[in-house]
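Enquirer: My structure is below; once you've seen it, I'll send some questions.
The values are calculated or read from the model by the stated rules, or taken from the named source; none is laboratory data. For clarity, every value in this text was computed on a predicted model and none was experimentally measured. Every residue, glycine as well, gets a Cβ built from its backbone with ideal geometry; the counts of neighbours run over all protein chains shown.
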Amino acid sequence: MESEISEDVFKIYNQDIFLRDMCMEDVDDYIVWNTNEIEWQDWDAPWEKEENSNIEELKDRLFEKSNAETPIIRRRLEICNINGKHIGWVSSYFIDGDKSKFAIGIDIANNKFRGKKLGELAFSLFISYLLKSEYVSDIYTQTWSGNYRMIGLAKKCGFEVVSREINFRKVRGNMYDDLTFKLNKELFWNRFKQLRKKDVPTLQEARVLLEEAEKIFPGRWVQHSLWTAQAAKLISENCEELNSEVAYVLGMLHDIGRRNGLTNGLTTIGHMLVGYNYSKKLGYDLLAKICMTHSCPSKSINDIEEVVNKSCNNEDYKIVKDFFSKVEYDDYDKLIQLCDALALPNGFTLMEKRLVDVALRHGVNEYIVTKWKAFMELKNYFEKKMGKSIYSVLPNVIENTFEL
């Protein structure tokens, strides 16, 4: 079912899906999936399928599970589409109780949502979450040789067969092999990066878009955008879950709303909305999101000076208020916010100089310290991921900062 999920509920996103903790509203879905819509059980360990579920016992188990204390590292999460529709779950277990063999599984119980690549998005997001949490070093998954969809999903995500027990499972009168897969992490990260390339133009397309925008409204913003792109590329190359080409393109076009500078592309809120609508029209949803989020590191509309000084119209105010009440930032949002604060039109600089440069041009208000603190937190966030200073990968910072 679709429901209003509390902001306190743990959620992680990957394009068209998000994973979250279980909540009370999920109980009704699980009852349906264990009584009426039980087709998924034909594929997930069908030899364990129960013909008649005791509803009251099921309810008790589900309520107990939904009220249980959640661990710091989640071993089970619910799958929702981007609109909040609950469609399944990802889970984990130890193979035969062996703590060295941590395995994961997935079920899209609502079959209306199969065949849309949502399973791959959910499964890969869960894997990424577990690997980045360092909860486990190796990840396994299991299925049977008749479950072709699961075999295909496992291979797409970088799993390789490490064990096959011939004719081990009897399903609907036929014998099938029992399969155990182990994750090849290098294959997984390569595939995960490819998934994250969705909804952005190619590098060649991005260059054409920027050149067209420069012809319409030339200015130093173009050079700033190119340096932002270069910073995003250099930093993302040191973060294994980010695709450096995607990062470069997003950095290059984060200010594409400036193309309409003669009308409303000069203001912060104006260039955000122009860029968002322009990118949406072209079908680049991730770029559209970046056009909005890059100016708001604290995830607040008070990062937008026209909102604070009340110089924007009511329609624009309502659009940004609605957008930021729903948006969830990922590492691409955070990366471009950071790189925007590291790039002058003539190269890389200390963040503090860039922040003062913007303040001198746009002025300050009572929210500026909060915004600056958010930028500093972004710097710390990526330095922790990289294991070194961001400035160590950006050339000529000292020269540009102090004009040497």
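Enquirer: For segment 104-126: of the residues being within 26 Å of Trp47 (Cβ to Cβ), touching a helix residue (DSSP H, G or I) at 6+ places or on another chain (Cβ under 9 Å) and touching a residue at least 40 places away in the same chain (Cβ under 8 Å), which is surrounded by the fewest Cβ atoms within 10 Å (Cβ to Cβ)?
Expert: If we take residues in segment 104-126 being within 26 Å of Trp47 (Cβ to Cβ), touching a helix residue (DSSP H, G or I) at 6+ places or on another chain (Cβ under 9 Å) and touching a residue at least 40 places away in the same chain (Cβ under 8 Å), then Asn111 is surrounded by the fewest Cβ atoms within 10 Å (Cβ to Cβ).
Enquirer: Just give me the residues in segment 259-288 being assigned to a helix (DSSP H, G or I) and surrounded by 24 or more Cβ atoms within 10 Å (Cβ to Cβ), in sequence order. Quick ask: steps written out before the conclusion?
Expert: Here is the first cut: in segment 259-288, the ones assigned to a helix (DSSP H, G or I) are 259-260, 268-282, 285-288.
Result: His271, Met272, Gly275, Ser279, Leu287.
Enquirer: Can you tell me which residue is surrounded by the fewest Cβ atoms within 10 Å (Cβ to Cβ) among those in segment 63-85 that are among the aliphatic types (A, V, I, L, M) and at pLDDT below 80? Please lay out each step first, then the result.
Expert: Our first condition is that a residue be among the aliphatic types (A, V, I, L, M); within segment 63-85, this holds for 68, 72-73, 77, 79, 82.
Checking the rest, the ones that are also at pLDDT below 80 come to 68, 82.
Numbers: Ala68: 9, Ile82: 13.
Restricting to residues being among the aliphatic types (A, V, I, L, M) and at pLDDT below 80, the top hit is Ala68.
Enquirer: From (1) part of a helix (DSSP H, G or I); (2) closer than 22 Å to Asp26 by Cα, pick out the condition that doesn't hold for Ser128.
Expert: Checking Ser128 against (1) part of a helix (DSSP H, G or I); (2) closer than 22 Å to Asp26 by Cα, the one that fails is (2).
Enquirer: Scan segment 289-312 for residues that are farther than 27 Å from Leu209 by Cβ and either within 18 Å of the chain's Cα centre (by Cα) or outside any helix (DSSP H, G or I) (or both) and jot them down.
Expert: Ser298, Ser300, Asn309, Lys310, Ser311, listed by residue number.
Enquirer: Separate question: Looking at (1) within 23 Å of Ser128 (Cβ to Cβ); (2) surrounded by fewer than 23 Cβ atoms within 10 Å (Cβ to Cβ); (3) touching a residue at least 60 places away in the same chain (Cβ under 8 Å), can you tell me which one Leu250 breaks?
Expert: Among (1) within 23 Å of Ser128 (Cβ to Cβ); (2) surrounded by fewer than 23 Cβ atoms within 10 Å (Cβ to Cβ); (3) touching a residue at least 60 places away in the same chain (Cβ under 8 Å), Leu250 violates only (2).
Enquirer: Counting only residues that are under 15 Å from Leu394 (Cβ atoms) and of a type outside the set (A, V, I, L, M, F, W, C), which one in segment 346-358 is surrounded by the most Cβ atoms within 10 Å (Cβ to Cβ)?
Expert: Within segment 346-358, the subset under 15 Å from Leu394 (Cβ atoms) is 346-354.
Adding the requirement that they be of a type outside the set (A, V, I, L, M, F, W, C) leaves 346-347, 349, 352-354.
On the way: Asn346: 14, Gly347: 19, Thr349: 24, Glu352: 13, Lys353: 16, Arg354: 19.
Out of the qualifying residues, it is Thr349.
Enquirer: Let me ask another. How many residues are of a type outside the set (Phe, Trp, Tyr), in contact (Cβ under 8 Å) with a residue 24 or more places away in the chain, in contact with a Leu (Cβ under 9 Å, 6 or more places away or on another chain) and under 15 Å from Lys185 (Cβ atoms) when one looks only at segment 127-154?
Expert: Residues meeting the conditions: 7.
Enquirer: Something else about it: I'm checking my understanding of the structure. Among residues of segment 127-157 that are more than 26 Å from Arg20 (Cα to Cα) and of a type in the set (Phe, Trp, Tyr), which one is surrounded by the most Cβ atoms within 10 Å (Cβ to Cβ)?
Expert: Trp144
Enquirer: From the residues in segment 359-386 that are free of Cβ contacts under 8 Å to residues at least 12 places away in the same chain and of a type outside the set (Asp, Glu), which one is surrounded by the most Cβ atoms within 10 Å (Cβ to Cβ)?
Expert: Ile368
Enquirer: If you don't mind, another one. Have a look at Leu226, Leu187, Leu203 and point out the one that is surrounded by fewer than 19 Cβ atoms within 10 Å (Cβ to Cβ), at pLDDT below 90 and aliphatic (A, V, I, L, M).
Expert: On the way: Leu226 fails: at pLDDT below 90; Leu187 fails: at pLDDT below 90.
None of the others qualify; the one that does is Leu203.
Enquirer: Hey, Arg74 hits all of (1) without any contact (Cβ under 8 Å) to a residue 24 or more places away in the chain; (2) part of a loop (DSSP other than H, G, I, E, B); (3) among the basic types (Lys, Arg) but one; which does it fall short on?
Expert: (1)
Enquirer: Looking at Glu160, Glu211, which is the one that is modelled with pLDDT under 95 and surrounded by fewer than 20 Cβ atoms within 10 Å (Cβ to Cβ)?
Expert: Numbers: Glu160 fails: modelled with pLDDT under 95.
Only one candidate passes the filter, namely Glu211.
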